[in-house]
Amino acid sequence: MKYVVYGENRVMTGDAIADAVLAYAAALGENGTTDIVEIPTADDDGVGVLTEMLLGPASQVMVEVAPDDELEPEDEDLVNELVRRTEAVGGGRFADAASSHSEEPAARRLRADPPTPTDTNRTS
């Protein structure tokens, strides 16, 4: 589990979701674009809720480790969508970081053989 810290607030969510949100926020910030994302979180009582976050150039988002919880929200479709959005705004290098928890073959390949700045003609 990880906390996504946004200003003075923080929400707890799954590791892969938090990493994907952070990568997407970085890519949006780099491109001067904003977006609203909805992520599954847990409130202080451990009840599952959805949280909307505005991400963009002015967003100050960070991720920190939270206590493990067997009810950790997992949403592979959401993570893949955030990675797709990250790549769509030109944040491929951030998407690579967000793929660290994905079991998709392309994500595994990135972990085993990450691209270097000279890999301009790399194919998946």
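Some points to look at:
- Selection status of Thr33, within 18 Å of Val11 (Cβ to Cβ), surrounded by 11 or more Cβ atoms within 10 Å (Cβ to Cβ) and modelled with pLDDT of 85 or more: no
- Residue satisfying all of: in region 36-60; of a type in the set (Val, Ile, Thr) and under 20 Å from Glu8 (Cβ atoms); farthest from the chain's Cα centre (by Cα) among these: Val49
- Taking region 40-55 as the range and being surrounded by fewer than 15 Cβ atoms within 10 Å (Cβ to Cβ) and at pLDDT below 90 as the test, the residues that pass are Asp43, Asp44, Asp45, Gly46, Val47, Gly48.
- Any hit, region 61-80, residues being surrounded by 12 or more Cβ atoms within 10 Å (Cβ to Cβ), on the phi > 0 side of the Ramachandran plot, more than 11 Å from the chain's Cα centre (by Cα) and not aromatic (Phe, Trp, Tyr): no
- Residue in region 89-103 that is modelled with pLDDT of 85 or more and within 27 Å of Thr33 (Cβ to Cβ) present: yes
- Selection count, region 53-90, where residues are in contact (Cβ under 8 Å) with a residue 24 or more places away in the chain, out of contact with any strand residue (DSSP E or B) (no Cβ under 9 Å at 6 or more places or on another chain), part of a loop (DSSP other than H, G, I, E, B) and not small (Gly, Ala, Ser): 2
- Subset of region 1-30 [in a helix (DSSP H, G or I) and surrounded by fewer than 18 Cβ atoms within 10 Å (Cβ to Cβ)]: Glu30
The values are calculated or read from the model by the stated rules, or taken from the named source; none is laboratory data. Keep in mind the model is a prediction, meaning the values are calculated, not measured. No Cβ is skipped: glycine too gets one built from the backbone with ideal geometry, and neighbour counts run over all protein chains shown.
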